[in-house]
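The values are calculated or read from the model by the stated rules, or taken from the named source; none is laboratory data. Source: prediction; values computed, not measured. Reconstructed Cβ throughout: ideal geometry from the backbone, glycine too, with neighbour counts over all protein chains shown.
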Amino acid sequence: MQKLTEQSPEFIRAIAPYKAGKPVSDVVRELGLDPNTVVKLASNENPLGLGEKAKAAIAQAAMDLGRYPDANGFALKAKLAARHGVKPEQITLGNGSNDVLELAAKAFLTQGTNALFSQYAFAVYPLATQGCGAQSKVVPAVCFTHDLDGFLKAIDTQTHVVFIANPNNPTGTFLPQEKLLAFLKQVPSHVLVVLDEAYNEFLKPEDQYDSTQWVSQFPNLLVSRSFSKAYGLAGLRVGYAVSSVEVADLMNRVRQPFNVNSLALAAAEAAIDDAEFLQQTYEVNLKGLEQIESGLKFLGLEYVPSYGNFVLFKAGNTDDAGMKVFDALQRLGVIVRPVNGYGLPQWLRVSIGLPHENEAFLVALPKALASLQAS
Ligand SMILES: *Cc1c(COP(=O)(O)O)cnc(C)c1O
């Protein structure tokens, strides 16, 4: 007799589950800390929370939760289409942009095919790939950055999807638009390029570019954006893709009919129009990034200059340094993110918070680092 769990495909059983940032409630429960003093800088969330316009839209939409959401997200797609100058049929909405990444994988990957992504790239790429029974091909990073020439060399006849995060999480590195365009010109047109831009809104004006404008020239390009980070809607789960109509049509076939809930649709529609909140978020992040990076420099710690709302820094030179400093910081009420799952056991990732939260991190950090010497 077969065991039930052995009926699950081998490639599913081989998946290593995603490790999320630790919730404040876990740390409070485990360490008996005061929830009001615990600072969470672990999941690249917006430290301002969500904007007032989104809040008001959620309150209003809550009155109508007895009904199913609009399965096609008509109003949100119309707004996104207008903003990007594309047709509504080029937009795919997702339960977070994570969902969009999975829909792309589901629509294009199967056993015997492969997806390409960089070493130290976002953890969801291998998960989405493996969930389809496809092979992950990892291209070694160069100085923590995507090596696009390496990608071109690694593409083979079985490559169906290429994932690129720009800026990348957890490294915070960035590829300027010239490099992306040169890459797109050389990628075979039958390979889908998923450009994951979850942190796009944090780029400085001089680095900004609008890749959604490139889709007409490159029908194999899919641009993914999120409402979780700069728009502050992480808890609601909403993101979207801009692609060719043909690619959107395929993704639409594999999505759940009601994959984006009513509150998320309403909040995202309102958030798009809240330019003031977005600007405030940008400024808080820019200041916080300077605060954290100069604090790390002052402590003599190595870090990767970031284009996102988080910084990757080196906790120590031993392979237990990341976890040790993470534990010590947690006991001091500061939650950061271990990145050993990314093959970076000596490093940690800290999200940018409000000024007093960044300060709490910078005050706790030398104490936590001292615990490395003590042991
Ligand atoms: C956070 C993140 C996402 C996913 O965000 P959603 O909450 O699912 O929209 C996608 N890509 C990268 C690189 C991220 O860091």
Scan of segment 109-137 for residues that are surrounded by 17 or more Cβ atoms within 10 Å (Cβ to Cβ) and β-branched (Val, Ile, Thr), ordered by number
Thr113, Val124, Thr129
Kindly evaluate Phe183 against the criterion of being closer than 25 Å to Asn340 by Cβ, modelled with pLDDT of 95 or more and not in a loop (DSSP other than H, G, I, E, B).
no
Over segment 268-283, the set of residues surrounded by fewer than 19 Cβ atoms within 10 Å (Cβ to Cβ) and assigned to a helix (DSSP H, G or I) is Ile272, Ala275, Glu276, Leu278, Gln279, Gln280, Tyr282, Glu283
Which pairs turn up if I take residues in segment 29-45 that are farther than 23 Å from Leu286 by Cα and charged (D, E, K, R) and look for partners that are part of a helix (DSSP H, G or I) and more than 15 Å from the ligand (Cβ to nearest atom) with beta carbon separation below 8 Å, at least 6 apart in sequence or on another chain?
Asp34/Val28
Can you spot a residue in segment 304-314 that is farther than 27 Å from Val139 by Cβ and not polar (S, T, N, Q)?
no
I need the full set of residues from segment 238-270 which are of a type in the set (Val, Ile, Thr) and over 18 Å from Val161 (Cα atoms), in order please.
Val238, Val260
Per the filter on segment 27-56, residues loosely packed, with under 14 Cβ neighbours inside 10 Å, in a helix (DSSP H, G or I) and not basic (Lys, Arg) are Glu30, Leu31, Glu52, Ala56
I need the full set of residues from segment 202-230 which are within 16 Å of the ligand (Cβ to nearest atom) and farther than 24 Å from Ala105 by Cβ, in order please.
Phe202, Leu203, Ala230
Taking the stated definitions as given, is Thr145 within 15 Å of the ligand (Cβ to nearest atom) and either at pLDDT below 95 or more than 24 Å from Pro17 (Cα to Cα) (or both)?
yes
Looking only at segment 297-315, decide whether some residue is over 18 Å from the mean Cα position of the chain (by Cα) and part of a helix (DSSP H, G or I).
yes
Given the residues Val350, Val325, Val339, Val334, which is the only one that is more than 29 Å from Val138 (Cα to Cα) and buried (at least 22 other Cβ atoms within 10 Å of the Cβ)?
Val334
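Does Asp70 satisfy the criteria of being crowded, with 22+ Cβ neighbours inside 10 Å, touching a residue at least 60 places away in the same chain (Cβ under 8 Å) and acidic (Asp, Glu)?
no
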Just to be sure I understand the filter: pairs with C-beta atoms under 6 Å, separated by 6 or more residues or on different chains, first member in segment 272-288 and in contact (Cβ under 8 Å) with a residue 60 or more places away in the chain, second member charged (D, E, K, R). Which pairs pass?
Ile272/Lys79; Asp274/Lys53
I'd like the full set of residues that are more than 15 Å from the ligand (Cβ to nearest atom) and touching a strand residue (DSSP E or B) at 6+ places or on another chain (Cβ under 6 Å), limited to segment 87-133.
Gln90, Phe108, Leu109, Thr113, Asn114, Leu116
